[in-house]
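Remarks on the structure that follows.
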Amino acid sequence: MTAWIFDFDGVLVNTMEAHFASYGRALAEAGVPIDRARFFSQAGMTGREQIAWFARAAGKAIDVEAVYLRKGEIARESTVVPQPIPANIELLRLLRAGGHRAAIASGSSRPSIEPVMRTLGIQADALVTAEDVTRGKPHPDLFLAAAARLGAEPADCIVVEDSDVGIECARAAGMMAFRFFDVPRRGAP
């Protein structure tokens with residue numbers, strides 16, 4: 001039976017704007033500029049990888065761990081409430097109800113994902129986060145770990161992703177992938 005692996009940020013929940021704001025503020029405090037388009041295109045890298053990338057691009061030597069911890073403080077202070085992406089949450093629910101095993105694999109941290117999952121009632125058979133791997137996307141580690149936790153062969157997995165690096169990661173893992181684009185409905189803000 002096919003196993004499914006869902007990215008979290010930008011696939012199940014609209015969190016990328018909040019992440020961008022938190023990373024942007026923490027990096028600005030460290031004197032490192034952040035490029036919006038680049039940040040979004042690198043979605044799926046771990047937070048530490050993102051911070052290190054922008055510091056290298058700016059030619060700045062910074063304490064990546066300190067900036068990462070500051071980003072977490074900023075995020076916890078935020079009043080932005082992550083918004084669900086109902087179609088994909090319903091797809092996840094229907095797949096599991098139909099007997100398919102499904103995992104969430106994200107370059108975000110477990111402490112940032114689990115509270116949102118609880119609040120929105122999102123359930124999966126496995127959760128793999130930045131804490132579970134050494135390398136984030138586009139390396140296949142997250143998706144391979146998710147497949148292993150589901151007891152599935154990579155070739156039997158379908159990934160639902162919204163980023164270039166996530167699609168690259170699925171390919172590197174030997175998995176099929178659906179590319180999700182969150183397009184606002186007509187008349188929606």
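The values are calculated or read from the model by the stated rules, or taken from the named source; none is laboratory data. Everything numeric in this text was worked out from a predicted model, so none of it was measured. Quick reminder, even Gly has a Cβ in these numbers, built from the backbone with ideal geometry, and neighbours come from all protein chains shown. Quick note on the areas: whole protein, heavy atoms, side chains included, nothing else; ligands and nucleic acids left out. Shrake-Rupley method; radii C 1.70, N 1.55, O 1.52, S 1.80 Å.
Observations
- Residue within the range 104-114 that is basic (Lys, Arg), open to solvent by less than 20 Å² (accessible area, probe 1.4 Å) and in contact with a strand residue (DSSP E or B) (Cβ under 9 Å, 6 or more places away or on another chain) present: no
- Residue count for the range 129-158, restricted to those that are in a loop (DSSP other than H, G, I, E, B) and on the phi < 0 side of the Ramachandran plot: 11
- Of the candidates 99, 187, the single residue that is open to solvent by 20 Å² or more (accessible area, probe 1.4 Å), at pLDDT 95 or above and not in a helix (DSSP H, G or I) is 99.
- Restricting 27, 12 to those that are open to solvent by less than 10 Å² (accessible area, probe 1.4 Å), under 11 Å from the mean Cα position of the chain (by Cα) and in contact (Cβ under 8 Å) with a residue 12 or more places away in the chain reduces the list to 12.
- Residue match in the range 121-128 (condition: open to solvent by 20 Å² or more (accessible area, probe 1.4 Å) and either on the phi > 0 side of the Ramachandran plot or charged (D, E, K, R) (or both)): yes
Residue-by-condition table, conditions (1) touching a residue at least 40 places away in the same chain (Cβ under 8 Å); (2) open to solvent by less than 20 Å² (accessible area, probe 1.4 Å); (3) in contact with an Asp or Glu (Cβ under 9 Å, 6 or more places away or on another chain); (4) within 19 Å of residue 3 (Cβ to Cβ):
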position: 130; (1), (2), (3), (4): yes, yes, yes, no
position: 137; (1), (2), (3), (4): yes, yes, yes, yes
position: 150; (1), (2), (3), (4): yes, yes, yes, yes
position: 161; (1), (2), (3), (4): yes, yes, yes, yes
position: 180; (1), (2), (3), (4): yes, no, yes, yes
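- From the list 65, 49, the one residue that fits, being of a type outside the set (A, V, I, L, M), touching a Gly at 6+ places or on another chain (Cβ under 7 Å) and part of a helix (DSSP H, G or I), is 49.
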